[in-house]
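Step one of this worksheet: look at the structure below.
The values are calculated or read from the model by the stated rules, or taken from the named source; none is laboratory data. Worth saying up front: this structure is predicted, and the values here are computed from it rather than measured. Please note: Cβ atoms are built from the backbone with ideal geometry, for glycine as well, and neighbour counts cover all protein chains shown. Ligands, DNA and RNA are stripped out before the accessible areas are found, and what is left, the full protein with its side chains, is counted by its heavy atoms. Shrake-Rupley method; radii C 1.70, N 1.55, O 1.52, S 1.80 Å.
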Amino acid sequence: MTPDVGAIAPTDHDPLRLGVVVGSTRPGRRADAVLDWVRPRAASRPALDVAVVDLADHDLPQLDEPAPARHGAPIHAHTRRLAAAVAPLDALLFLVPEYNHSLPGVLKTALDLLSDEWADRAAGLVTYGADAGGARAGEHLRAILGELAVATVQQQVGLSFVEHAPGGVLAPTARHEAQLGVLLDQLERWGGALRVLRRPAGVLA
Ligand SMILES: Cc1cc2nc3c(=O)[nH]c(=O)nc-3n(C[C@H](O)[C@H](O)[C@H](O)COP(=O)(O)O)c2cc1C
């Protein structure tokens, strides 16, 4: 039976659980400034219930599970803890710095450690870097998320610290603000639609 999407779209009473995944664990990271910009804008939306998945809190080693996430249960506590943080989420917003034209290794490890917990969710990307807005990291991440069955929305926000953090203080432009608004709109739409896939029709819990 086709689920009644209208009946189970997010409402004030049934917010989407949006996880903001902080993709840098670097001491002195700019990720905190990016998070401080993004989080209140997402949290101000009645349709979103925002949680932060800060990879700095997870102390992840290099991948150390004997079985690929798709084929076996994790044996390590750190993997189970990450899984417990991600599994309840309906949608994902990745904060992604560009390291050598790609995403940070710790974010790739977090993605590699899990499978079902990421799958069938909508995701948006706020990327950042020295001077290209983290665009290349974003392209790499989109390819990886495709393999994990994560649906990335079209809008992306790219912050270049040379231009948008004069004196080290993050200063997003009006264009970035508008882009983040569109990104969050798209996440609400696709996040709501994909939630239907992961739940029996009509079940909201
Ligand atoms: C290992 C490393 C590699 C980097 N490579 C790039 C790069 O290829 N392109 C770019 O625009 N910025 C690059 N940067 C600059 C970072 O994107 C910038 O420092 C950003 O603030 C890092 O995010 P974080 O402070 O949250 O860790 C690199 C930084 C590091 C530490």
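Yes/no per residue for (1) in a loop (DSSP other than H, G, I, E, B); (2) within 21 Å of ARG29 (Cβ to Cβ):
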residue	(1), (2)
ALA51	no, yes
PRO61	yes, yes
ALA67	yes, no
ALA84	no, no
VAL96	no, yes
ALA119	yes, no
THR127	no, yes
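Within the range 129-152, which residues are within 16 Å of the ligand (Cβ to nearest atom) and in a loop (DSSP other than H, G, I, E, B)?
ALA130, ASP131, ALA132, GLY133, GLY134
If I filter the range 4-30 down to residues being at pLDDT below 55 and assigned to a loop (DSSP other than H, G, I, E, B), which single residue comes out as surrounded by the fewest Cβ atoms within 10 Å (Cβ to Cβ)?
ASP12
Could you please tell me which pairs satisfy a Cβ distance under 7 Å, a separation of 6+ or placement on different chains, a first residue in the range 134-147 that is among the hydrophobic types (A, V, I, L, M, F, W, C), and a second residue that is within 11 Å of the ligand (Cβ to nearest atom) and part of a helix (DSSP H, G or I)?
So the pair list comes out empty.
Out of curiosity, is ARG39 within 16 Å of the ligand (Cβ to nearest atom), part of a helix (DSSP H, G or I) and open to solvent by 50 Å² or more (accessible area, probe 1.4 Å)? Lay out the reasoning, then the answer.
On the way: within 16 Å of the ligand (Cβ to nearest atom): yes; part of a helix (DSSP H, G or I): yes; open to solvent by 50 Å² or more (accessible area, probe 1.4 Å): yes.
Yes; evaluated as a whole, the condition is true for this residue.
Would you confirm, using the coordinates I've provided, whether LEU111 is modelled with pLDDT of 95 or more, open to solvent by less than 10 Å² (accessible area, probe 1.4 Å) and more than 14 Å from the ligand (Cβ to nearest atom)? Show your work before the answer.
On the way: modelled with pLDDT of 95 or more: yes; open to solvent by less than 10 Å² (accessible area, probe 1.4 Å): yes; more than 14 Å from the ligand (Cβ to nearest atom): yes.
The answer is yes for LEU111.
Report every pair of residues separated by at least 6 positions or lying on different chains whose Cβ atoms are under 8 Å apart, first residue within the range 21-47 and among the hydroxyl-bearing types (Ser, Thr, Tyr), second in a loop (DSSP other than H, G, I, E, B).
Between residues of the range 21-47 that are among the hydroxyl-bearing types (Ser, Thr, Tyr) and residues that are in a loop (DSSP other than H, G, I, E, B), the close pairs are SER24/ARG30; SER24/PRO104; THR25/PRO104.
Looking for whichever is at pLDDT 95 or above, of a type outside the set (D, E, K, R) and out of contact with any Phe, Trp or Tyr (no Cβ under 9 Å at 6 or more places or on another chain) here; the options are PRO172, PRO97, PRO166, PRO104. Which one fits? Before you say what the answer is, go through the steps one by one.
Details: PRO172 fails: out of contact with any Phe, Trp or Tyr (no Cβ under 9 Å at 6 or more places or on another chain); PRO97 fails: out of contact with any Phe, Trp or Tyr (no Cβ under 9 Å at 6 or more places or on another chain); PRO166 fails: at pLDDT 95 or above.
Testing whether each residue is at pLDDT 95 or above, of a type outside the set (D, E, K, R) and out of contact with any Phe, Trp or Tyr (no Cβ under 9 Å at 6 or more places or on another chain) leaves just PRO104.
Considering each of ALA77, ALA91 in turn, give the residue that is hydrophobic (A, V, I, L, M, F, W, C) and over 15 Å from the mean Cα position of the chain (by Cα).
Result: ALA77 is the single residue among ALA77, ALA91 that is hydrophobic (A, V, I, L, M, F, W, C) and over 15 Å from the mean Cα position of the chain (by Cα).
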